[in-house]
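A.B. asks: Next up is a structure, given as structure tokens.
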Amino acid sequence: MLPIPIGTDRPRRRFPWMNVLIIAANVVVFIIQQRFPPITRRFELNPQNLRLLNFFTYSLLHASPMHIARNMLFLYIFGNNV
């Protein structure tokens, strides 16, 4: 089992507002996705039905609570370094 990172040794220069906004957007979209499952089909990236909007919206979709939890944990930890 891989260890879960809990931080980096690089100091923050300021609060990572953009990380927090991206995490909040992902969580809101996940909640909407769970309440209205057909929305996933509309905004996923489907090779048979390519639309420009889907290249932006598919990155907000997640398959399960564990999937979004892991992704947001790593975004929170490493996002401010990027």
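Quick note: the coordinates plus some simple rules give every number you see, no bench work behind them. Keep in mind that this is a model prediction, so the values were computed, not measured. Note that we place each Cβ from the backbone using ideal geometry, even for glycine, and neighbour counts take in every protein chain shown.
A.B. asks: Between Rg and the Kirkwood Rh of the chain, both from Cα atoms, what is the Rg to Rh ratio?
C.D. replies: 1.04
A.B. asks: Taking every pair of alpha-carbon atoms in the range 12-51, give the share separated by more than 13 Å as a whole percent. Could you put the intermediate results ahead of the total?
C.D. replies: Values: 498 of 780 pairs.
Distances greater than 13 Å cover 64 percent of the Cα pairs.
A.B. asks: Now, a different point. Computed FRET efficiency, Cβ-Cβ of L45 and V20, R0 35 Å: what is it to the nearest 0.05?
C.D. replies: The value I calculate is 0.85.
A.B. asks: Pairing the Cα long axis of helix 17-35 with the longest principal axis of the chain, what angle in degrees results, from 0 to 90 and rounded to the nearest 10?
C.D. replies: Rounded to the nearest ten degrees, it is 40.
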